[in-house]
Amino acid sequence: MERNAKLTRRHFLAAAAGTVAAIGLPGVFATLSDARRLAVAEERRPDGKPRIPPGQVAVERIEDMGGRPGSPDVDAWRLKVHGEVEKPFSVTFAELLAFTQADVTCDVHCVTGWTLLDSRWGGVPLTALLARAEPAAKAGFLVFEAAHGYTTSIPLSDVRDRTVFLAHTFNGRPLPRPNGGPVRAVVPDRYFYKSAKWLEGLKVVSKDEPGYWETRGYSNSADPWKEERYSGR
Ligand SMILES: Nc1nc2c(c(=O)[nH]1)N[C@H]1C(S)=C(S)[C@@H](COP(=O)(O)O)O[C@H]1N2
Ligand SMILES: [Mo]
């Protein structure tokens, strides 16, 4: 893979150390070579949309994710699936691995403007977990419940339309803790704040419950191709 030696340092943390939610990364990005950037700018997705949404800059690797190193604690991890469902349940990490597994390669788009190309994820499609829980007839939205009270939500129709999944593997290795390990949500084609890290619960609701960033000025629909970055847009 082609790489540019030029690294850009960006500081997008919402607050200093101790912050529980960050809208971007305190990381170092590997930007693309000019040739690769021009080629990627011309690419189209199977659905006809440009590969790079408007206002985004492509990066190929993130050198330093910030956050605390160390392996994720899979033994203590539990996921609670609850709310407007016929059959609420809770799973351990081992039980999650017993569900249908999927490998997904996708680009992810942070609302602060970077697009990471070709991130490779392994995990469980949300449809598998929801099928077991059996959402009630009035269910309309899914709230991702993460550590430290971080939440974000998506319409249940989005779960059916795209490959929304819970990832435990990133680029072929166990999902590192700074990236949300042991398990995070990945919602392709929405700004990345919809992809909750350190996932602890899935709550099905009839009325939407806008999440952490969505109640702080960011768009609830978060479509990168419509540049829905802020509320009311
Ligand atoms: N729990 C939790 N999940 C989160 C966030 C957060 O602060 N807390 N930030 C979101 C945002 S804005 C982005 S860009 C991505 C960053 O994921 P990464 O650190 O793996 O790149 O996580 C998203 N999920
Ligand atoms: Mo972000």
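The values are calculated or read from the model by the stated rules, or taken from the named source; none is laboratory data. Treat the numbers as computed from the prediction; the structure is a model and nothing was measured. Glycine also receives a Cβ, built like all others from the backbone with ideal geometry; neighbour counts cover every protein chain displayed. Side chains are part of the model used for accessible areas, which takes the heavy atoms of the whole protein and leaves out ligands, DNA and RNA. Shrake-Rupley method; radii C 1.70, N 1.55, O 1.52, S 1.80 Å.
Restricting the first member to segment 187-208 and to residues that are among the polar types (S, T, N, Q), and the second to residues that are within 11 Å of ligand 1 (Cβ to nearest atom), the beta-carbon pairs closer than 6 Å and six or more apart or on different chains are Ser195/Ala185; Ser195/Val186; Ser195/Val187. Cβ-Cβ contacts under 6 Å between residues 6 or more apart (or on different chains), taken from a first residue in segment 92-111 that is closer than 12 Å to Val186 by Cα and touching a residue at least 40 places away in the same chain (Cβ under 8 Å) to a second residue that is of a type in the set (D, E, K, R) and open to solvent by 20 Å² or more (accessible area, probe 1.4 Å), are absent. Within segment 118-127, being crowded, with 18+ Cβ neighbours inside 10 Å and in a strand (DSSP E or B) holds for Ser119, Trp121, Gly122, Gly123, Val124, Pro125. Out of Ser157, Ser153, one residue alone is of a type outside the set (Lys, Arg) and open to solvent by less than 20 Å² (accessible area, probe 1.4 Å). It is Ser153.
Could you check how many residues of segment 171-187 are modelled with pLDDT of 95 or more, over 17 Å from Gly140 (Cα atoms) and within 16 Å of ligand 2 (Cβ to nearest atom)? Result for segment 171-187: 3.
On the stretch given as segment 189-232, residues that are open to solvent by 60 Å² or more (accessible area, probe 1.4 Å), under 22 Å from Gly83 (Cα atoms) and acidic (Asp, Glu) total 2.
For the structure I just gave you, tell me whether Val204 is at pLDDT 95 or above and within 12 Å of the chain's Cα centre (by Cα). Here the answer is no, as Val204 does not meet what is asked. Here the condition is being farther than 27 Å from Leu32 by Cβ, among the aliphatic types (A, V, I, L, M) and free of Cβ contacts under 8 Å to residues at least 60 places away in the same chain; of Leu126, Leu79, Leu156, it holds for Leu156 alone. Annotation note: of Val59, Val74, the sole residue that is assigned to a strand (DSSP E or B), at pLDDT 80 or above and either in contact with a helix residue (DSSP H, G or I) (Cβ under 6 Å, 6 or more places away or on another chain) or surrounded by 17 or more Cβ atoms within 10 Å (Cβ to Cβ) (or both) is Val59. Selection of segment 81-117 for residues being within 14 Å of ligand 1 (Cβ to nearest atom) and either outside any strand (DSSP E or B) or open to solvent by 40 Å² or more (accessible area, probe 1.4 Å) (or both) yields Cys110, Val111, Thr112, Gly113.
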